[in-house]
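Below is one structure, written out as structure tokens, with a few remarks after it.
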Amino acid sequence: MVRKNKINRASGTTKHLKDFPSVILSLPSYNPSILSKNATALITGGSSGLGFELAKELSRRINKVIVADIQSFPTFAQVEYNNIFYYQCDITSLDEIKNLKKAIERDHGNINIIINNAGVAHIKKLEHMTNKEVEQLIDINLIGAYRIISTFAEDMIDNREGFIINIASVLGELTPARLTSYGASKGAMIGFHKCMSRHFRSLSTECNKTGIKTLLVCPGKIKTNMFIDVPTPSKLLAPDIIPSQLALAIISAMEHNHLQTLNAPYYVNLVPFFKTLSWPYRHLLKHFSGMDHVTSTSPRAINPKRSA
């Protein structure tokens, strides 16, 4: 069942992005930014963390922001934003996603921007994961995003415009201990995004259409509830990312039509180099970074946290 709530708006100035090391590996586009239009965005997992920050910032720039989440939108925000609309939706259910689309079309029209942000993590050894936990994780982190795109992208193709952003993780490239399933889901998201982007580019060529812009976001550890029990192994080499700062970096990439990949913080850009090293050197790097140690000793290993 899809349930809608209207969120009241707050005025406020946009924070400046300070001391946030990120690199956008991109091909610039010279088309007008979709944020300059009368756009409507859909954000999954927008009730907390990065999704919540994206919803707030986008609400200051575009016409409407739709938050789809199984968790309720924060009560304190319900008196501050009047162009954010909350719909309760479980993205593991295709029927709920289809009902969500019908409700959005009825209430707001078509979607121009999709941000697949919803996610879940289990910090457990592979042999301790149940089949149900693995299926839930893959269903939310990967298949849910696929279902959202396949359900809403057809209208974007017909309307010859759209922007799709997929939130992956550096852990899809370099996974520490006790995050095997999470890393696998994010690695699959990275592969899916690349294939999806090539598909939309081919449509643009074959059908003589404007095409759909895409952006892949590969962050390190974001300072949210998902990994709240996991200590930061190195604040110098791998600092935590502040959600509000990452949200601004994503929006900046959208405003300037930077396509391809947003990596943050700086060390994420070194991961391809790490992967070229032979096993002993990769093992030493992981050992000295402490990434395996912090997850193997994390006190939380049962209850998953949802949303990035």
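Please go through the range 157-182 and give me each residue that is in contact (Cβ under 8 Å) with a residue 40 or more places away in the chain and part of a loop (DSSP other than H, G, I, E, B), ordered by number.
Pass one, the range 157-182, residues in contact (Cβ under 8 Å) with a residue 40 or more places away in the chain: 157, 159-170, 172-174, 176-182.
The answer is Arg160, Glu161, Gly162, Ala168, Ser169, Glu173, Leu174, Pro176, Ala177, Arg178, Leu179.
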**Asked** What tally of residues in the range 130-145 results from selecting those that are within 13 Å of Thr44 (Cβ to Cβ) and either surrounded by fewer than 17 Cβ atoms within 10 Å (Cβ to Cβ) or of a type in the set (A, V, I, L, M, F, W, C) (or both)?
**Response** 4
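Looking only at the range 149-169, filter to residues that are farther than 19 Å from Ile251 by Cα and either of a type in the set (Gly, Ala, Ser) or in contact with a His (Cβ under 9 Å, 6 or more places away or on another chain) (or both); which one of those is surrounded by the most Cβ atoms within 10 Å (Cβ to Cβ)?
Ranking the candidates gives Ala153 first.
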**Message:** Let me spell it out: the conditions are (1) at pLDDT below 70; (2) over 20 Å from Pro32 (Cβ atoms), and Asn208 meets all of them except one. Which number is the exception?
**Reply:** (2)
**Request:** Could you check the range 1-119 for strands (runs of 3 or more DSSP E) lying wholly inside it with 1 or more residues that are modelled with pLDDT of 95 or more?
**Result:** 40-44, 64-69, 84-88, 113-116
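Have a look at Leu94, Leu100, Leu126 and point out the one that is more than 18 Å from the chain's Cα centre (by Cα), crowded, with 23+ Cβ neighbours inside 10 Å and over 18 Å from Val217 (Cβ atoms).
Among Leu94, Leu100, Leu126, only Leu100 is more than 18 Å from the chain's Cα centre (by Cα), crowded, with 23+ Cβ neighbours inside 10 Å and over 18 Å from Val217 (Cβ atoms).
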**Request:** Among the candidates Ser185, Ser197, single out the residue that is part of a helix (DSSP H, G or I), in contact with a helix residue (DSSP H, G or I) (Cβ under 6 Å, 6 or more places away or on another chain), modelled with pLDDT of 90 or more and polar (S, T, N, Q).
**Result:** Ser185
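The values are calculated or read from the model by the stated rules, or taken from the named source; none is laboratory data. What you see is a predicted model; the values in this text were computed from it and never measured. Every residue, glycine as well, gets a Cβ built from its backbone with ideal geometry; the counts of neighbours run over all protein chains shown.
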